[in-house]
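Read the structure below first, then the notes.
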Amino acid sequence: MRFSDRESAGRLLAARLAALKDANPVVLALPRGGVAVAAPIARALAAPLDLVLVRKIGAPDQPELAIGAIVDGAPPELVMDPARVAALHVGADYIARAQDEALREIERRRAVYAAGRSPVEVAGRTAIVVDDGIATGATVLAALRAVRRRGPARLVLAAPVAPTDAVARLREEADEAVFLDTPANFYAVGQFYEAFPQLTDAEVVALLRDAPAPPKG
């Protein structure tokens, strides 16, 4: 399956999630790319849109190869892939430095994206965690665990595409997982999109600004 762009993939996912419109949903996107997929879902469900500020921890000299991920919080949610850490002989010092760097970037993004915005309440609601695609699953896994700590009534994962070998593990972490495609032959998320440009901070801010406002009171 191939998507024309993130907006199109989001509309397709929204159709699959339509039954959740009356379940008091909140849509939580992984920036940056996940925000463009989440925005049409939030519109379709008339749900507020917020972020899960998570950062991948890449392997030494291979920053795109995830060996773990971290989500901000008190304390931060750190998820590592022990098999990859062992196979690549990644030391504790490297992981500590990468974690600190990731948390600094999370704080930078919070300052840019969340300026003037209060976090949307998740407790007791249907939390829908959205990304533009899943590769290793490490980043989404950390995001799901962090959101679960916030006490949603139901935790749903939604992504246009995820590899077969990551799907089973992710389904164990969410109450429901919705994917449009789960191919066995998977190289990179971008291969499933005709247009897959990196979003800018300004585009993320604009998508959040135009999203449905959370209810008052």
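No lab work stands behind these numbers, since they all come straight from the coordinates. Nothing here was measured: the structure is a model prediction, and the numbers come from that model. Ideal geometry is used to build each Cβ from the backbone, glycine not excepted, and the neighbour counts take in all protein chains shown.
Observations
- Dipole magnitude (debye, nearest 20) for segment 162-207, charges at Cβ of Lys, Arg, Asp, Glu: 140 debye
- Diffusion coefficient of segment 56-112 by Stokes-Einstein, Kirkwood radius over Cα pairs, 20 °C, 1.002 mPa s: 184 µm²/s.
- Given +1 at the Cβ of Lys and Arg, -1 at the Cβ of Asp and Glu and no other charges, the dipole of segment 4-82 around its Cα centre is 340 debye to the nearest 20.
- Residue 7-residue 83 FRET efficiency (beta carbon distance; Förster radius 30 Å; 0.05 resolution): 0.25
- Spatially, segment 123-151 and segment 1-54 are offset by 13 Å when compared through their Cα centroids.
- Its Kirkwood hydrodynamic radius, worked out from the mean inverse distance over all distinct Cα pairs, puts the chain at 17.4 Å.
- When the convex hull of its Cα atoms is projected in every direction, mean area for segment 89-217 (nm²): 10.1 nm²
- The charge dipole of the chain, taken about the Cα centre with unit charges on the Cβ atoms of Lys, Arg (+1) and Asp, Glu (-1), comes to about 600 debye, rounded to the nearest 20.
- Per-residue ellipticity at 222 nm, computed for the chain from helices alone with -39500 (n - 2.57) per DSSP H run of at least four residues, works out to -12000 deg cm²/dmol.
- Two-decimal ratio, segment 141-199, of alpha-carbon radius of gyration to 2.2 N^0.38 Å: 1.25
- Axis of helix 164-173 versus longest Cα principal axis of the chain: the two differ by about 70°, to the nearest ten degrees.
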